[in-house]
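Encoded as structure tokens, the structure appears first; notes follow it.
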Amino acid sequence: MATSLEYFWKKKTILSFVAIFLVVIIHSSAISQYSLPEDNLTNVTLLLRNIVAYSLGSVAVPFFFFVSGISLFRDYTNKLYFKKLHSRIKTLLIPFLIWNIIGLLFALLYTYTPLSQLITGREPFSPTFGNILEGIFLYKYNYAFWFVFYLIIFTILTPLFNLLLSKKWLSLLTITLLLSASFFIKEYSDLNLDCVVFYFIGCYLGKYHIKDISKIASTKLSVSSILIFTTTIIIKALDIYNIISLPTILSELLLIVTLFSFWFSSDIFLKRVCRAPRFTEEFFPVYALHTYFIAIIVKILFMLLPKNSLSLLLNEIASPILTIIIVTILAVLWRKFFPKTYRLAFGRKTN
């Protein structure tokens with residue numbers, strides 16, 4: 001029987017793959033290729049996309065920050081700081097620089113070759129020293145890696161997080177202050193502190209409640225979480241369509257409830273799974289590669305299929321699925337035949 005820690009890693013791996021699938025759907029944007037008059041099928045497609053991408057998908061990025069905080073602080077002490085830094089150089093910094101350089105080279109191709117006719121929405125390259133630096137160190141031409149950039153910053157700030165986590169009461173006070181700051185800042189600017197909020201909540205749970213979140217939830221808790229999760233998704237969808245209007249603070253709290261219910265509801269399914277399927281281990285390659293494939297697949301399907309509402313629906317469904325399948329297969333083959341470059345590019349073990 002698996003230990004609670006083994007179950008945690010299995011659950012983290014599977015749910016990370018689910019979350020990255022939602023991220024791919026968010027980035028698919030097939031609708032941007034079509035100029036169709038409104039009809040019932042087009043409206044249904046838009047409804048499904050909004051629910052899946054922006055209601056259900058709202059949990060994806062918070063989840064990654066949440067589990068990253070848990071993973072770092074489940075066994076952290078200040079004595080381990082430099083060991084953690086060294087580990088994150090391999091798993092975060094080196095892949096971050098590699099994929100930013102690839103993004104920069106892709107931007108060159110996009111700007112100066114006919115590739116721009118096949119895909120849209122990419123940042124064109126401008127040949128200045130500042131843009132090159134921003135491309136390599138600030139993800140300008142590889143926008144999805146903003147997430148890794150923040151994780152690198154958070155890792156550097158780990159001693160500060162640990163200080164704020166030194167007492168339970170101080171941890172809870174910090175969470176309250178971060179939520180309040182996030183609420184007020186959102187009211188007056190575009191700055192978003194959600195990533196800090198969810199990361200710190202994960203840090204708190206990793207430090208003080210790792211056993212509670214690593215064990216299999218009871219059937220009662222799992223079923224209750226499924227009902228709560230479904231309710232929060234419906235509320236979020238109603239808010240998206242302006243049927244209801246949630247104040248910022250309620251929206252923040254709703255997202256926290258959605259995240260926890262997502263975590264605990266999965267136990268009713270995952271407790272029967274012996275181990276994480278091998279393909280789910282490729283969530284980081286999917287994260288790194290999906291933006292290059294999704295735009296091309298969307299465009300190819302757009303060119304091949306008739307320009308009607310049914311094709312739009314098929315494109316919205318097929319493009320993220322094909323992206324996941326293609327990138328996962330490539331990642332599995334990459335891991336098998338080129339393990340050294342796989343470790344370098346993705347910071348992951350190959351055995």
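The values are calculated or read from the model by the stated rules, or taken from the named source; none is laboratory data. This is a predicted model, so every value here is computed, not measured. Ideal geometry is used to build each Cβ from the backbone, glycine not excepted, and the neighbour counts take in all protein chains shown.
Table: residues versus (1) outside any helix (DSSP H, G or I); (2) of a type outside the set (Phe, Trp, Tyr); (3) in contact with a Lys or Arg (Cβ under 9 Å, 6 or more places away or on another chain); (4) crowded, with 19+ Cβ neighbours inside 10 Å.
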position	(1), (2), (3), (4)
90	no, yes, yes, no
97	no, yes, no, no
100	no, yes, yes, yes
107	no, yes, yes, yes
151	no, yes, yes, yes
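Failed condition for residue 287, given (1) surrounded by fewer than 20 Cβ atoms within 10 Å (Cβ to Cβ); (2) out of contact with any Leu (no Cβ under 8 Å at 6 or more places or on another chain), with all others met?
Of (1) surrounded by fewer than 20 Cβ atoms within 10 Å (Cβ to Cβ); (2) out of contact with any Leu (no Cβ under 8 Å at 6 or more places or on another chain), only one is false for residue 287: (1).
Do you know which of the residues in the range 196-255 that are surrounded by 14 or more Cβ atoms within 10 Å (Cβ to Cβ) and among the acidic types (Asp, Glu) is farthest from residue 161 (Cα to Cα)?
239
Just to check your reading of the model, which residue among 254, 259, 221 is among the aliphatic types (A, V, I, L, M), in contact with a Lys or Arg (Cβ under 7 Å, 6 or more places away or on another chain) and touching a residue at least 12 places away in the same chain (Cβ under 8 Å)?
Just a single option satisfies the conditions, and that option is 254.
Would you confirm, using the coordinates I've provided, whether residue 45 is out of contact with any strand residue (DSSP E or B) (no Cβ under 6 Å at 6 or more places or on another chain), surrounded by fewer than 21 Cβ atoms within 10 Å (Cβ to Cβ) and either at negative phi or touching a residue at least 24 places away in the same chain (Cβ under 8 Å) (or both)?
Considered against the rule, which asks whether it is out of contact with any strand residue (DSSP E or B) (no Cβ under 6 Å at 6 or more places or on another chain), surrounded by fewer than 21 Cβ atoms within 10 Å (Cβ to Cβ) and either at negative phi or touching a residue at least 24 places away in the same chain (Cβ under 8 Å) (or both), residue 45 comes out as no.
Checking residue 54 against (1) in contact with a Leu (Cβ under 8 Å, 6 or more places away or on another chain); (2) touching a residue at least 24 places away in the same chain (Cβ under 8 Å); (3) assigned to a helix (DSSP H, G or I); (4) not polar (S, T, N, Q), which test does it fail?
With (1) in contact with a Leu (Cβ under 8 Å, 6 or more places away or on another chain); (2) touching a residue at least 24 places away in the same chain (Cβ under 8 Å); (3) assigned to a helix (DSSP H, G or I); (4) not polar (S, T, N, Q) applied to residue 54, the lone miss is (1).
Is it the case, given these coordinates, that residue 316 is of a type in the set (Asp, Glu), touching a residue at least 60 places away in the same chain (Cβ under 8 Å) and closer than 22 Å to residue 13 by Cβ? Full working, then the answer.
Working: of a type in the set (Asp, Glu): yes; touching a residue at least 60 places away in the same chain (Cβ under 8 Å): yes; closer than 22 Å to residue 13 by Cβ: no.
In short, no.
Pairs under 7 Å by beta carbon, first residue more than 14 Å from residue 53 (Cα to Cα) in the range 230-250, partner aromatic (Phe, Trp, Tyr) and surrounded by 13 or more Cβ atoms within 10 Å (Cβ to Cβ), six or more apart or different chains?
248/183; 249/183
What's the total number of residues in the range 1-39 that are more than 23 Å from the chain's Cα centre (by Cα), part of a helix (DSSP H, G or I) and either without any contact (Cβ under 8 Å) to a residue 12 or more places away in the chain or over 21 Å from residue 313 (Cα atoms) (or both)?
Initial filter on the range 1-39 (more than 23 Å from the chain's Cα centre (by Cα)): 1-4, 33-39.
Of the ones still in play, those that are also part of a helix (DSSP H, G or I) are 4, 33.
Going one step further and asking which of them are either without any contact (Cβ under 8 Å) to a residue 12 or more places away in the chain or over 21 Å from residue 313 (Cα atoms) (or both), we end up with 4.
Total satisfying the criteria: 1.
For residues in the range 239-282 being small (Gly, Ala, Ser) and modelled with pLDDT under 90, which is farthest from residue 66 (Cα to Cα)?
Applying the first criterion (small (Gly, Ala, Ser)) to the range 239-282 yields 245, 251, 261, 265-266, 276.
When the remaining residues are screened for being modelled with pLDDT under 90, the result is 245, 251, 276.
On the way: 245: 26, 251: 17, 276: 19 Å.
Looking at the filtered set, the residue picked out is 245.
Yes/no per residue for (1) within 16 Å of residue 285 (Cβ to Cβ); (2) aromatic (Phe, Trp, Tyr):
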site: 299; (1), (2): no, no
site: 302; (1), (2): no, yes
site: 313; (1), (2): no, no
site: 325; (1), (2): yes, no
site: 331; (1), (2): yes, no
site: 349; (1), (2): yes, no
